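Working notes for the structure below.
Values quoted throughout were computed directly from the atomic coordinates according to the rules given, and no laboratory measurement underlies them. Note that the coordinates shown come from a computational prediction; the quantities given were computed from them, not determined experimentally. Because the Cβ atoms are built from the backbone with ideal geometry, glycine has one as well, and the counts that use them run over all protein chains shown.
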Amino acid sequence: MGFESDIPTIVFTQENTKPGTPSYATTCRQVIHALERFGLFLATYDPEKLPIAVHDETFSVVRELFDLPTETKVKNRYDKPLNGYVGQIAKLPLHESLGIDDAPSLEGTQKFTDVLWPEGNARFCNLINAYAKLSEEIDRTVARMIFDGYGVGKYYDSYISSTTYLLRLLKNRAPKEGEHNLGFIHHTDKSFTTIVHQHGEVNGLEVETKDRDWILVKLSSSNFVVMAGDALMAWSNDRIKSPNHKVTIHGDEDRYSLAQFAFNNGTLEVPAELVDDDHPLKYKPFDHLGLLRFFRTDEGYKAECPIKAYCGV
């Protein structure tokens, strides 16, 4: 296993996130380079937007959520695939998670809260909604930098106007004596991008490099992981690879994390500007939510690379 120092950290400031400035152009290049090399990077964002006290309070309500009875948590259901409760899996006893569709909207978070707490829970709703909005802000900043970095910024507004977010709240409990420490199996995300944040320094996220080494990603309360999903890999015509990753739990402390996934409600396609002699077209236009449905089929689940099986040329 390698070390997190291999993964670049990019500091986002008010100045270098302002389009049109020299520092913005430099940061765009850093984002593209990191995603092309690793498929992810660590983002240090404005600490005033998520002070440590708010960070701790946010994860305190996450703990309260997982302390609810299982029969209550399983009420977390959506029509969209992969959106609701996941847990009580014999082969993955350490993993449990719930999903909030459209969490950056107060309406989306309120609907989730009303299902889990019919009597109301304004503290949970407000804290999680505020976190989801911050994660959305980070994601939109990164997405704009990806589009601008590749010289296709004219497509950004169309992309973002069709983007929706799924926030997953995750718990990986510490293994009991004799239990395997696998928190979640290795996989690639089916999103365009994913923003991950965890409580404290209970690490567990591991990422596979192009050299097939596994890197442990160490995070603090001020860091976010920005990770490419399969949809971004297809959109970039394989310039960016979605990294294979898993969760392993070491020690005797439970791990809590938040992961917000960006999905597109429309059709995604490789920009013509990203197709040339060195990069022949590798993907047909595809329905992003259709990718999620395909992944739930036997063919999609068994495919070595689901996105290529779904819409590869």
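A value for volume of the Cα convex hull per residue in Å³ was derived from the coordinates, and within the list [x] 135; [y] 173; [z] 229 it appears as [x]. When only alpha carbons are used to place a centre, the stretch 1-50 and the stretch 96-158 end up 20 Å from one another.
Along the chain, the exposed loop sites are GluC sites (Glu not before Pro) outside DSSP states H, G, I, E and B with at most 12 other Cβ atoms within 10 Å, and the longest stretch free of them is 16-118.
Across the stretch 286-295, rounded Karplus estimates of 3J(HN,Hα) from the backbone phi angles (6.51 cos²θ - 1.76 cosθ + 1.60, θ = phi - 60°) give 9, 7, 5, 5, x, 4, 5, 5, 4, 5 Hz, Gly and Pro being marked x.
Residue by residue, the stretch 34-40 carries 3J(HN,Hα) couplings of 5, 5, 5, 7, 10, x, 6 Hz when phi is fed to the Karplus relation 6.51 cos²θ - 1.76 cosθ + 1.60 (θ = phi - 60°); x denotes Gly or Pro. Counting only Cβ charges, +1 for Lys and Arg and -1 for Asp and Glu, the dipole size of the chain around its Cα centre is about 420 debye.
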